[in-house]
Each structure stands twice: as C-alpha cells, then as structure tokens.
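Since the structure comes first, as structure tokens, the remarks are kept for the end.
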Amino acid sequence: MCRHLAYLGPPVPVADPIIRGPHSLRTQSWAPREMRGGGTINADGFGVAWWTPVLPTPPNRGPGVAWHGGSAIGSESPGIVVGESDSEVRGRSSGSAATVRTGEPPSAARGVGSLGVTRYRNAAPIWSDPAVDEVLPQLFSGAVVAAVRSATAGLPVERAACAPFTRGRWAFSHNGAIPDWRRALTAVATEFGVSGLLEAEALTDSAVLWVILHALLERSDPETALRQVVRAVLREAPGARLNLLLCDGETVWATTRYHSLAVLADGDSVVVASEPYDDDPRWQPIADGQLVVARAGRSTSAALDIEIERAPS
C-alpha cells in the first residue's frame, strides 16, 4: 500500500511536511506503524506536489534565450532536462530518474485560478534521493501533498505509477488496493460513462482510478465525486482498500476505507496524514468509512454511508 499526507497553511519549505517529526513520512517509508496488512515498507518510489501562483507565460524569444533571469524552454543544465512539448521536468539524481511536473495554466480552475501544481516524483526509495534534503527545502508553498509507495504485487515499479497524480489544479493519492482492478474499474467507468482509461499514466489501479475520479470532478463537487467513486468501486470490489486523498491547493478531501488516517489542526494550518509524524496529543484519528474535509486550521468529517466490513488479511 502507501503512506500519504497533505499540508495546508502558511508557506513552508516543500520538504518540511515530508521530513517533519520523529516519525516523518520519510521515516514511514521504512518503518510504518499502521500498514494494517498492506505491506511492510514503502520503498517503491515517492512523490510530492505543491501549489504556487501561476506566473505569466514568458515571451517566446526563441531557443536558448533567457527571460527575466530564467532559462529558456528547451535549454539544458546539469541534471535537468526541459522539453518544449513535455509538461514534466525530469531531473536525474543518484543515477535514477525523477520528475517535476510544472504548474498548469488555471484556465479550467474553479475558485483557485491563481494557483498551479508542480510535481516531483522518483521511482527510487525516498531515502535515496538527495533532492529531498538539497532541493525541496529551497521551494516554498502553503499546500503540499506527498506519498511514499508500496507497490501491490504484480504492478509496475516506475515513476509514472507514483502518486501524487495531477491534472489541472488537482493532486490525488490512493493508499490502498482494488482486487481484480481491471474488471472492477472498467465496470465503474462504464457505469459513469467515463472513457479514456488508456490515458492513465500507469497500468495500476490508482492511476486508472484517478482517470475516473477526475472525470467525475468535471461534473460535480469533490465530496459528491468521492462518495460516488468509493461506493461504485466497493460494489464491484467489496474488499477494496480506498483511502483517497485529493487537494486543489486550498482544501483537502480524504476518505478512509480499511487504512489509518489522522488529522492535526494547529492554529492556521492542518495536516491530514496516514500516520501522525509525532506524539502531539492534538492528532485526531479518523474512523473507518469517513469523508474528511480540511482547510487551513480546521477539518470536519462525515460518514461515507458505506457498509463497514472487517479489513481483509
């Protein structure tokens, strides 16, 4: 399975929510406490997404021409490659490939039009990537989503399979697994009239689930979309583990289905996490079968109205 978290609040270094506390998300990659039968470690890659104001489109002055002190699109510098037609910036560290996805234009955003999502992913274990200590601390954001991955047996271990999955203003992570997911998610997509499953970034249950959820987000509000997709998946695969995490840079939505989740609301910030990163008594565990809605400094939860069964072994 996986471990994931979301932070909303005053701008902090992007690395801060990942390495914060004696039981940080990074520590949970090799020493998780609440896997609940979903594996033992989370060493199959990691990812982080953060939101920043979208800057004006730079003028096109031709290849190799800098603007406002920045490198022109198509230029190369040590360890980083930027492609003109590619929405991702690929970095190389410790001999493995990693990815930064640049912020997308806010044309389709509703209510968060000034924010864009940037993403960094690596198929290697988080503890092996120096960017976590050397690059991410230099970037600041008031909204961060991060995940470490434990790949389900038989699914690919690759960068494209690592959460967060992003599109438009959204970032999404799935902590769990869907039995017989190809059949189950094909049936769910058919139920909702969702096409384009082949557009999924990777051949995994989480990536395909994101295609379906994003299509529902185009039709309804996040709470409705999450309720719809959880109920539909459970009808097709009653043993599915569905801790979902969704963020648009201002609000976090999360579901609990078999896996642990906790919330820490601290003044003007909030953290939603698979496991607490410290022993702060203000952490609130979230019961199974809940939908959490969190904004900076506060959170609420309500029942998903699903049948709660014993977690599969």
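Each label point was placed 7 Å from the Cα along the Cα-to-Cβ direction; for R282 and E134 their separation is 3.5 nm. Listed values for the stretch 225-231 are Karplus-derived 3J(HN,Hα) couplings in whole Hz (6.51 cos²θ - 1.76 cosθ + 1.60, θ = phi - 60°), namely 4, 5, 4, 4, 6, 5, 5, and x replaces Gly and Pro. Along the stretch 179-188 the Karplus relation, 6.51 cos²θ - 1.76 cosθ + 1.60 evaluated at θ = phi - 60°, assigns HN-Hα couplings of x, 6, 5, 4, 5, 4, 6, 5, 5, 5 Hz to successive residues, with x for each Gly and Pro.
In this structure, the amide hydrogen of L115, modeled 1.01 Å from its nitrogen in the peptide plane, lies closer than 5 angstrom to those of V54, counting only residues at least 5 positions away or on a different chain.
Per-residue counts of other Cβ atoms within 10 Å, averaged by peptide: what ranking do you get for 218-227, 231-240, highest first?
On the way: 218-227: 15.7, 231-240: 18.2.
Packing proxy ranking, top to bottom: 231-240, 218-227.
Note on L203 and W127: with the Förster distance fixed at 25 Å, the Cβ-Cβ geometry gives a FRET efficiency of about 0.45. Residues whose amide H comes within less than 5 Å of that of R169, counting only those at least five positions distant or on another chain, are absent (H built at 1.01 Å from N in the peptide plane).
Laboratory data are not the source of any read-out in this text; all were calculated from the coordinates shown. Predicted model, so just to flag it, every value in this text is computed and none were measured. All Cβ positions, even for glycine, are placed from backbone atoms using ideal geometry, and neighbour counts span all protein chains on display.
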